[in-house]
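Read the structure below first, then the notes.
The values are calculated or read from the model by the stated rules, or taken from the named source; none is laboratory data. Here the structure is a predicted model, which means the values were calculated and not measured. Cβ sites come from the backbone with ideal geometry, for glycine too, and all protein chains shown count toward neighbours.
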């Protein structure tokens with residue numbers, strides 16, 4: 001049997017290829033979503049690059065929604081490989097809570113963005129398609145959702161960072177296979 005300290009794990013000791021691929025695709029998508037939002041600030045309001053970055057933010061955010069739902073379905077239908085050596089029960093509980101919060105974040109944030117555009121009376125672009133509005137135009141509601149969306153987006157930096165740090169902690173300090181199970 002392969003140990004947690006070896007350089008490779010058997011197929012039964014790692015997540016399946018679909019789960020691994022979706023995980024790392026989500027990492028790239030989330031980086032891109034945050035990058036487009038941060039970078040648009042470097043351009044003047046109303047400029048073409050600023051508008052383009054905002055449009056990409058919306059489309060990539062909706063992609064996060066689609067892939068998060070896909071990931072959730074795959075996660076619920078597949079067996080997760082055991083962590084070796086097994087962590088304490090409290091660590092398993094914290095990991096479960098963190099995963100629930102991350103999935104809620106990846107599903108609710110894009111929906112909030114969709115609601116913002118809907119309430120603002122704007123089109124909802126999605127790679128050449130125009131998605132339907134979820135709610136009627138309501139400027140005050142749009143402003144409220146923008147504020148919540150921005151605040152939760154800032155909390156997202158912390159959640160994603162904590163998730164990454166937990167994986168590194170398990171790898172370098174606990175010396176278990178937590179991280180290796182998800183490596184391509």
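Per-structure values
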{"quantity": "The listed residue being within 26 Å of residue 18 (Cβ to Cβ), in contact with a helix residue (DSSP H, G or I) (Cβ under 8 Å, 6 or more places away or on another chain) and outside any helix (DSSP H, G or I), out of 95, 82", "calculated": "82"}
{"quantity": "Options 177, 154; residue that is assigned to a helix (DSSP H, G or I) and either under 25 Å from residue 28 (Cβ atoms) or out of contact with any strand residue (DSSP E or B) (no Cβ under 9 Å at 6 or more places or on another chain) (or both)", "calculated": "154"}
{"quantity": "Enumeration of residues in segment 6-17 that are loosely packed, with under 13 Cβ neighbours inside 10 Å and assigned to a helix (DSSP H, G or I)", "calculated": "11, 12, 17"}
{"quantity": "Residue match in segment 6-24 (condition: farther than 30 Å from residue 178 by Cβ and either touching a residue at least 24 places away in the same chain (Cβ under 8 Å) or in contact with a helix residue (DSSP H, G or I) (Cβ under 8 Å, 6 or more places away or on another chain) (or both))", "calculated": "no"}
{"quantity": "Number of the condition not met by residue 123 [criteria: (1) touching a strand residue (DSSP E or B) at 6+ places or on another chain (Cβ under 6 Å); (2) touching a residue at least 40 places away in the same chain (Cβ under 8 Å)]", "calculated": "(2)"}
{"quantity": "Search result, residues across segment 26-49 that are more than 23 Å from the chain's Cα centre (by Cα) and surrounded by 13 or more Cβ atoms within 10 Å (Cβ to Cβ)", "calculated": "43"}
{"quantity": "When residues of segment 79-120 are limited to those that are within 16 Å of the chain's Cα centre (by Cα) and in contact (Cβ under 8 Å) with a residue 60 or more places away in the chain, the one surrounded by the fewest Cβ atoms within 10 Å (Cβ to Cβ)", "calculated": "98"}
{"quantity": "Residue in segment 45-58 that is within 22 Å of residue 163 (Cα to Cα) and modelled with pLDDT of 95 or more present", "calculated": "no"}
{"quantity": "Enumeration of residues in segment 118-150 that are over 30 Å from residue 75 (Cα atoms) and assigned to a helix (DSSP H, G or I)", "calculated": "118, 119, 139, 140, 141, 142, 143, 144, 146, 147"}
